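Novice: Take a look at this one; I'll ask things after.
The values are calculated or read from the model by the stated rules, or taken from the named source; none is laboratory data. Because the structure is a prediction, the values reported are computed rather than measured. Every residue, glycine among them, receives a Cβ derived from its backbone with ideal geometry; neighbour counts consider all protein chains shown. Please note that ligands, DNA and RNA were not included when accessible areas were found on the heavy atoms of the full protein model with its side chains. Shrake-Rupley method; radii C 1.70, N 1.55, O 1.52, S 1.80 Å.
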Amino acid sequence: MKKEFPVFILGLAAAFIVPLIFLIVVPYLQLSDAKPENYSEEDDVVAAWAYPAVWTGANKEGEEVYASQGCAYCHTQMVRPTYAGADMWRKGWGGNEEEGLARETRAADYTNDRRAMLGYMRIGQDLANVGTRNRDRAWYHQKLYNARTQNVDSSMPSYKNLYRKQQIAQPSENAIKLKGRFAVEEGYEVVPTEKAEALVDYLLSRKMDAPIPGAGTDEEVAAK
Ligand code: HEC
């Protein structure tokens, strides 16, 4: 009995340490210094020069806003492999289907992200490819200001804190179009703050459907 106790404790420790090493430490060492990879001529990609596309604009600040506002409580950013879920059957989730780009998410898709916002629950849609599905800035601002302007039953919270109500001096181009019960008083308009603009830049950058360097075109892959 006395001899068994240390063995039991050792076994218990191993049961925690071994998975920790293989599930966390090894993947971290393998993937943490991933850098964007340039496309070669054989890849025949004209839309971008590197995979994943190098960030421009205010995406970094947008990522901070996404994290701080808790969007990841309700939205994932990961298109699961078909063996693990039905994501690829949902239109637009896997990316640009018309151009044959739709695919599952891979680890390298998060190369530019400081934090990979995987999320853990899907109350709203997966956002891994929301930037492919919708490119209309005004649509994003309207949804963030108040999702019920687009969908009366929406359970997405309103992020009015990212918007500013101001007196109209000269009507702003980016003022949100608000009708009916959402309209603000005459002479006032609602405009996005810098944080809201950065968040929309970040959402527009969510396009995890870029071709993978060295993978060949769809036809080549099919022929192999
Ligand atoms: C309490 C849960 C919840 C939180 C938190 C939340 N959302 Fe949503 N979101 C939803 C739901 C539900 C929908 C679907 C209904 C709708 O379109 O309004 C949605 C829809 C969306 C859509 C449209 C997706 C599509 O494909 O049509 C976008 C974009 C979006 N949310 C962005 C955000 C961002 C950015 C944040 C953080 C600032 C956020 N959401 C926080 C629940 C949430």
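Novice: Sort out which residues of the range 132-162 are near the ligand (Cβ under 6 Å from one of its atoms) and in contact with a Gly (Cβ under 7 Å, 6 or more places away or on another chain), and write them in order of number.
Specialist: Correct list: ARG133, MET156.
Novice: In addition: When the residues of the range 109-131 are filtered to those that are more than 10 Å from the ligand (Cβ to nearest atom) and part of a helix (DSSP H, G or I), which remaining residue is surrounded by the fewest Cβ atoms within 10 Å (Cβ to Cβ)?
Specialist: TYR110
Novice: Right, here's the next one. Could you grab me the full set of residues in the range 80-97 that are within 14 Å of the ligand (Cβ to nearest atom) and either closer than 15 Å to TYR120 by Cα or modelled with pLDDT under 90 (or both)?
Specialist: The answer is ASP87, and nothing else.
Novice: Given the criteria more than 20 Å from GLU63 (Cα to Cα) and open to solvent by 40 Å² or more (accessible area, probe 1.4 Å), does ALA175 qualify?
Specialist: No.
Novice: If I ask for residues that are touching a residue at least 24 places away in the same chain (Cβ under 8 Å), hydroxyl-bearing (Ser, Thr, Tyr) and either surrounded by 15 or more Cβ atoms within 10 Å (Cβ to Cβ) or closer than 25 Å to GLY57 by Cα (or both), which ones from the range 144-162 would you list?
Specialist: Matches in the range 144-162: TYR145, THR149, TYR159.
Novice: Ok, one more. Which one of these does GLU98 not meet: (1) of a type in the set (Asp, Glu); (2) under 29 Å from GLU37 (Cβ atoms); (3) surrounded by 11 or more Cβ atoms within 10 Å (Cβ to Cβ)?
Specialist: Against the list (1) of a type in the set (Asp, Glu); (2) under 29 Å from GLU37 (Cβ atoms); (3) surrounded by 11 or more Cβ atoms within 10 Å (Cβ to Cβ), GLU98 comes up short only on (3).
Novice: Within the range 135-156, which residues are in a loop (DSSP other than H, G, I, E, B) and within 19 Å of TRP55 (Cβ to Cβ)?
Specialist: Passing the criteria: only ARG135.
Novice: Another question, then. I need every pair where a residue in the range 48-70 that is in contact (Cβ under 8 Å) with a residue 24 or more places away in the chain and within 19 Å of LYS35 (Cα to Cα) has its Cβ under 7 Å from the Cβ of a residue that is in a helix (DSSP H, G or I) and among the aromatic types (Phe, Trp, Tyr), sequence separation at least 6 or different chains.
Specialist: Between residues of the range 48-70 that are in contact (Cβ under 8 Å) with a residue 24 or more places away in the chain and within 19 Å of LYS35 (Cα to Cα) and residues that are in a helix (DSSP H, G or I) and among the aromatic types (Phe, Trp, Tyr), the close pairs are ASN59/TYR202; GLU63/TYR202.
Novice: Now for a different question. Looking at (1) among the hydrophobic types (A, V, I, L, M, F, W, C); (2) within 15 Å of the ligand (Cβ to nearest atom); (3) open to solvent by 90 Å² or more (accessible area, probe 1.4 Å), which is the one condition that is false for ALA169?
Specialist: Exception for ALA169: condition (2).
Novice: Okay, next question. State which residue pairs qualify: first residue within 19 Å of ALA53 (Cα to Cα) and inside the range 111-125, second residue open to solvent by 80 Å² or more (accessible area, probe 1.4 Å) and outside any loop (DSSP other than H, G, I, E, B) in any location, beta carbons under 8 Å apart, and separation of 6 or more residues or different chains.
Specialist: Here the result reads ARG114/LYS60, each pair linking the range 111-125 to a residue that is open to solvent by 80 Å² or more (accessible area, probe 1.4 Å) and outside any loop (DSSP other than H, G, I, E, B).
Novice: While we're looking at this one, here's another question. Tally time: how many residues in the range 84-95 are under 17 Å from the mean Cα position of the chain (by Cα) and either surrounded by fewer than 14 Cβ atoms within 10 Å (Cβ to Cβ) or β-branched (Val, Ile, Thr) (or both)?
Specialist: Number satisfying all stated conditions: 2.
Novice: May I ask you to list pairs of residues, at least six apart or on different chains, whose Cβ atoms are under 8 Å apart, with the first in the range 132-143 being open to solvent by 80 Å² or more (accessible area, probe 1.4 Å) and the second being near the ligand (Cβ under 8 Å from one of its atoms)?
Specialist: So the pair list comes out as ARG133/GLY92; TRP139/GLN150.
Novice: Quick check, is LEU204 within 8 Å of the ligand (Cβ to nearest atom), open to solvent by less than 30 Å² (accessible area, probe 1.4 Å) and under 30 Å from ASP109 (Cα atoms)?
Specialist: Spelling it out, it is not the case that LEU204 is within 8 Å of the ligand (Cβ to nearest atom), open to solvent by less than 30 Å² (accessible area, probe 1.4 Å) and under 30 Å from ASP109 (Cα atoms).
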